[in-house]
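Enquirer: Submitted below is the structure of interest, expressed as structure tokens.
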Amino acid sequence: MNNLTKTLAAIVLGSASFTALAATEVIAAPAGQQNMGVINVNGGDQLSALKNKMSNEADEKGASSYRVIFATGENHLYGRAELYR
């Protein structure tokens, strides 16, 4: 029982630390963070799907936050975001 409790605690704490590292969307350039450049993202037919792709790509590039510069399209969206670290 003690091993099971320790294992479950490790899983919960481990998953919590991964979610804390996800890039977050910001409205303006965050104070004290450096601009890392821009990304272009294609895909999805809803803005939420496009933002998820932006967030995932920002995570892959090591960004802590991103700002949507533009998003456009009708049936197939594309957009650009600025990354910050």
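Enquirer: Which one is surrounded by the most Cβ atoms within 10 Å (Cβ to Cβ) among residues in segment 35-85 that are more than 12 Å from residue 22 (Cα to Cα) and polar (S, T, N, Q)?
Expert: 35
Enquirer: Would you check which residues across segment 46-85 are modelled with pLDDT under 95 and acidic (Asp, Glu) and list them?
Expert: Once the filter is applied, which keeps residues that are modelled with pLDDT under 95 and acidic (Asp, Glu), segment 46-85 yields only 74.
The values are calculated or read from the model by the stated rules, or taken from the named source; none is laboratory data. It should be emphasised that the depicted structure is a prediction, and the values quoted were computed from it without experimental measurement. Heads up, the Cβs are rebuilt from the backbone with ideal geometry, glycines too, and the neighbour counts pull from every protein chain shown.
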